[in-house]
Amino acid sequence: TNFENDSELAFDFKLARDLGLTVGELRQKMSVLEYQQWIGFYLYEKKRRDYQIAMQEAEMNKQRSKR
């Protein structure tokens, strides 16, 4: 299995791991709507993390330029 070429499969494994399920259990128990909401939630978290990292880097650059 090549997770780099199948982002949906990689996401299934990440979500299943995070929820303490197997991929089979995840696919059996979760509705399509909830699955889509999880995708949105992970994207939201990534966006927030990326923003925080960018703000930290900007602050570090600001401090460096003062030296």
Filter segment 20-34 down to the residues that are among the aliphatic types (A, V, I, L, M) and surrounded by 12 or more Cβ atoms within 10 Å (Cβ to Cβ), then identify the one that is nearest to Ala10 (Cα to Cα).
Val23
Please go through (1) surrounded by 12 or more Cβ atoms within 10 Å (Cβ to Cβ); (2) of a type in the set (Lys, Arg); (3) out of contact with any helix residue (DSSP H, G or I) (no Cβ under 8 Å at 6 or more places or on another chain) for Arg67 and return the number of the only condition it doesn't satisfy.
(1)
Unique residue being more than 12 Å from the chain's Cα centre (by Cα), part of a helix (DSSP H, G or I) and aliphatic (A, V, I, L, M) when the list is Ala10, Ala16
Ala16
What pairs come out if I take residues in segment 36-60 that are closer than 29 Å to Leu9 by Cα and touching a residue at least 12 places away in the same chain (Cβ under 8 Å) and pair them with residues that are surrounded by 10 or more Cβ atoms within 10 Å (Cβ to Cβ) and of a type outside the set (Gly, Ala, Ser) whose C-beta lies under 7 Å away, six or more apart or interchain?
Trp38/Leu15; Ile39/Phe11
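The numbers here are math on the coordinates, done by the rules we state, and not lab data. For clarity, every value in this text was computed on a predicted model and none was experimentally measured. So basically every Cβ, Gly included, is an ideal-geometry build from the backbone, and we count neighbours across all protein chains shown.
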